[in-house]
1. Assign one of three labels to the range B:1-49, namely rounded, prolate or oblate, based on the Cα gyration tensor with a ≥ b ≥ c the square roots of its eigenvalues; rounded applies when a/c is under 1.5, prolate when it is not and a/b is larger than b/c, and oblate otherwise.
2. Given 0.36 nm per residue, what is the gain on full extension from residue B:283 to residue B:47 after removing their alpha carbon distance, in nm?
3. Can you pull the accessible area of residue A:101 for me, 1.4 Å probe, Å² to the nearest 10?
4. Per-residue accessible area for residue B:272 at 1.4 Å probe radius, Å² rounded to 10?
5. When only the heavy atoms of the protein chains count and the probe is 1.4 Å, how do B:304, A:128 rank by accessible area, highest first?
6. If each of residue B:111 and residue B:162 carries a label point 7 Å out from its Cα toward its Cβ, how far apart are those two points in nm?
7. For residue B:188 and residue B:424, what does the FRET efficiency come to when R0 = 60 Å and r is the distance between their Cβ atoms, rounded to the nearest 0.05?
8. Binning at 10 angstrom from zero up to the longest distance, how are the C-alpha pair distances of the range A:40-126 distributed in percent?
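The values are calculated or read from the model by the stated rules, or taken from the named source; none is laboratory data. What you see is a predicted model, and the numbers here were worked out from it, not measured in a lab. Note: ideal-geometry Cβ built from the backbone for every residue, glycine included; neighbour counts use all protein chains shown. What goes into the accessible areas is simple: the full protein's heavy atoms, side chains included, and nothing from ligands, DNA or RNA. Shrake-Rupley method; radii C 1.70, N 1.55, O 1.52, S 1.80 Å.
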Amino acid sequence: MLNVEKLSKTFKTEGGEVHAVRDVTFHAADGEVVAIIGASGSGKSTLLSLLGLLDAPDAGSIEMNGTQLANLDSGGRTKYRAREVGFVFQAFNLIPNLSAKENIKLALEFSNWPKNDRDARADAMLAMVGLDANKASRRPNKLSGGEQQRVAIARAFAAQPQLILADEPTGSLDKATGQKIVQLLREAANTQKTTVLVVTHDEKIANQADRRLEIEDGALTEIA
Amino acid sequence: MNALRRGVRNAFRNAMRSVGVVVILAVAIALSISMLIARDAVNAKISSVRSSTGNTISVSPAGFFGGQGGGTALTTAQITGLLSIPNVTAVQAQLSERLTSTQTNLTSPTTAGSLGARFGGGFGGGGTPTTSALSIRVIGTNSPGNSLVGGANGGGTEKLTSGVAFSPTSTADVAIVGTTLATKNNLKVGSTFTAWGKTITVVGLYDAGSTFADSDALMPLATVQTLAAATNQVTGATVVVNNLNNVSGAATAITKKLGTAADVTSTQATVESQLAPLNTVKTISTYTLFGAVIGAALILLLSMLMIVRERRREIGVLKALGATNRSVVSQFIAESTTFTVLGAAVGFIGGILVSSPITSALVSAESGSSSSPGGFVRGAGGGFGGGGSGFTPPSGAVTAGRFRFGGLSNTFSQLHTSVSWSTLIFALVAAIVIAALGSSVASATITRIRPAEVLRSE
Ligand SMILES: Nc1ncnc2c1ncn2[C@@H]1O[C@H](COP(=O)(O)OP(=O)(O)O)[C@@H](O)[C@H]1O
Ligand SMILES: [Mg+2]
């Protein structure tokens, strides 16, 4: 269960203050897929960076299954990122000189997953996203965009996080592939009981989510 | 796979760049290694030359330069007064005189030759120009024991071959005669000859291994002073100092004490002037050594900075995935250490290979420019030659000359290079310093990269 209360983030720029996230309050249940839609520059990525503890909010609180994340020190934040959050990016962001499987094992290493189970866990994740052993041994530049995003999803879910943050995961893919990727996210959320927040500006993608939130100028509203 | 293994693996990610960085590091490390080896070789040579030089100081009357004569003799009092100078253990005084054919029944074993005929008696003004009878040098000394091991006669290696030495304070009409002179005149222990109208008894024979030195006669200082009408006069002294390190201090004290009356020359001073080019090589190699290490560190630093910039996004991804700063930094340190280790390995071997030619190139380049002090060295060494004789060079000059030319060429031919443990340890320490310095700025940059950057507009 994710509880976000009155979350705010302001950037000071040369052109003045930018209220990227204003007083955002929302809740998401375990295994729920929530779509966040909004125009470019509306604050979607900033909200995800706050929820993933990549950046610190100016005000507000984030509570994850009873833990107040705002109170964590830097070590605690790193640990939270490693164990409780998985990121999926628009640009895939796989490590280029590691194979698909090694990319997955990287997340397992950072989360301190039991050493003797990392190999089996990585294989299971590859199977979950439908990649065979041949693809598993390839480096990212020898995989298609859709395949790379599958690896990224496998990497994001590998350490069994409570929250997946996907920032426009279909933005670099064609429509059909994008649909499959969202399908994959939905299934994984279901089986792993993981909350998934998907940022998109594609209505069709948003419609596949359990709920839809719209962000405009940093302010979040629920779409009925 | 942990951070260290990822770092090592990343070192080979861009083959061209890796080869470039490793080669440049290797060249810098090879240069510093060869400089270190050159330094070691030069250092070893300097200390061996220093320790082989005598702990003696030559004192001669001011302006008294070898065969060219000149100057006013010093007095016995001036010379014995030097004993009060700290660290001076002995003072060997000499009075060098010439016996012309009218003053002795001895015949000089030396024939003038055509050059001698031309210059005979031309120097010093005391001699009689003649082509057949050259004068004989008599050295009055208060330390015959020391003379016999190379003191009074300018540094030869005289050995008493028969008879005994006279006592330092002897006033007797006795002599120890060089073997060449003895052979020429059929002298044995117990034989006599005349000098300055007196009958002198031969009490011993010596062999200095050189015809010039063996053509002299050694007599008690007091005897020569009396017979040659040179009461209290001394033409030179060798001051023995207790320790090599005190030689220059004692030389300064002697100069202060005797003022302008004497020329004071320590063998050390002449050796130091010969060592000057070696010291220059040492200085050059020291600067080059540090320059190369710093250069290598700088190269690595810039390369790592370039790599970190290039992988800025990747670093953000690692942090977003939950990598600690420490783990990312150690990954990059492992990468830069890999470059350094490869560079050091290649550079170490290269450095050893080029050190020999570099050392000899440095040394021969420097020795060419060092010929100017030669005249000084010879002049100083020639202090004890008497005036008036022909071409016969003063034995002191011969010795000094041989030391200078033979010694210096030895200095360079014996400069062989060797690789010591300290060189190896240096290479290791240098590599660590290079890697640490090279990684430092990159590490600081890595720590500052905010993971939120990965979500910024792609
Ligand atoms: N690090 C930052 N510094 C300054 N301004 C920022 C920073 N990050 C985001 N912003 C600004 O905050 C607003 C929201 O940005 P972002 O969250 O990236 O929007 P979106 O993801 O919806 O396109 C934009 O106006 C953007 O320029
Ligand atoms: Mg965005």
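1. Oblate is the answer for the range B:1-49, as a/c is 1.5 or above yet b/c matches or exceeds a/b.
2. Taking residue B:283 through residue B:47 to full extension adds about 83.4 nm, to one decimal.
3. 40 Å²
4. 60 Å²
5. Putting B:304, A:128 in descending order of accessible area: A:128, B:304.
6. For the pair residue B:111/residue B:162, the computed spacing is 2.6 nm.
7. 0.45
8. 14, 40, 32, 13, 1
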